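What follows is a set of notes on a single structure, which appears directly below.
The values are calculated or read from the model by the stated rules, or taken from the named source; none is laboratory data. If you're wondering where the values come from, they're calculated on a predicted model, not measured in any experiment. In this analysis, Cβ positions are derived from the backbone assuming ideal geometry, glycine residues included, and neighbour counts consider all displayed protein chains.
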């Protein structure tokens, strides 16, 4: 064995740098914590800018660690949460809820937004029945008002 071969073998056995073992992919964690029904929906939300990490850019493969703060937007709901535990497996909702804790400010903002949506919809009264033939004609005529 030559000296050059020995030096090559010495470097061959070094472990390759890999992902942080104390981290889980963001899209997998969001799926396991039951914020999204599938991992691909979580990935689409991240790529669409619906997920923000306080520590840096949100990417599907970015590692989530205990103590990270996330802002999640899903439809009209917005959460601000702290990561308490990591999981790569989707389990029951009771276990998923133990993976995070919602901040007090986030909870207050979410409750205020829900109350605002409730009050906005309170003024609308659904008609008791479907429109009859005459009412449908009137509705159709109102729709064609721009054609006149």
Original post:
So is residue 112 at pLDDT 90 or above, exposed (fewer than 13 other Cβ atoms within 10 Å of the Cβ) and more than 13 Å from residue 34 (Cα to Cα) or not?
Top reply: yes
Original post:
Quick one: is residue 85 within 22 Å of residue 22 (Cα to Cα), outside any helix (DSSP H, G or I), free of Cβ contacts under 8 Å to residues at least 24 places away in the same chain and in contact with a helix residue (DSSP H, G or I) (Cβ under 8 Å, 6 or more places away or on another chain)?
Top reply: yes
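Kindly indicate whether residue 67 is at positive phi, under 14 Å from the mean Cα position of the chain (by Cα) and surrounded by fewer than 16 Cβ atoms within 10 Å (Cβ to Cβ).
Working: at positive phi: yes; under 14 Å from the mean Cα position of the chain (by Cα): no; surrounded by fewer than 16 Cβ atoms within 10 Å (Cβ to Cβ): yes.
Taking the combined requirement at face value, the residue does not satisfy it.
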Original post:
Of the residues 16, 58, 22, which single one is in contact with a helix residue (DSSP H, G or I) (Cβ under 9 Å, 6 or more places away or on another chain), at pLDDT below 90 and assigned to a loop (DSSP other than H, G, I, E, B)?
Top reply: 58
Original post:
Considering the range 115-139 alone, what residues qualify as being surrounded by 10 or more Cβ atoms within 10 Å (Cβ to Cβ) and more than 30 Å from residue 68 (Cβ to Cβ)?
Top reply: 131, 135, 136, 137, 138, 139
Subject >> Failed condition for residue 97, given (1) closer than 14 Å to residue 29 by Cβ; (2) at pLDDT below 90; (3) in a helix (DSSP H, G or I) >> reply: (2)
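What about residue 143, is it exposed (fewer than 10 other Cβ atoms within 10 Å of the Cβ) and either within 23 Å of residue 36 (Cα to Cα) or without any contact (Cβ under 8 Å) to a residue 40 or more places away in the chain (or both)?
It is true that residue 143 is exposed (fewer than 10 other Cβ atoms within 10 Å of the Cβ) and either within 23 Å of residue 36 (Cα to Cα) or without any contact (Cβ under 8 Å) to a residue 40 or more places away in the chain (or both).
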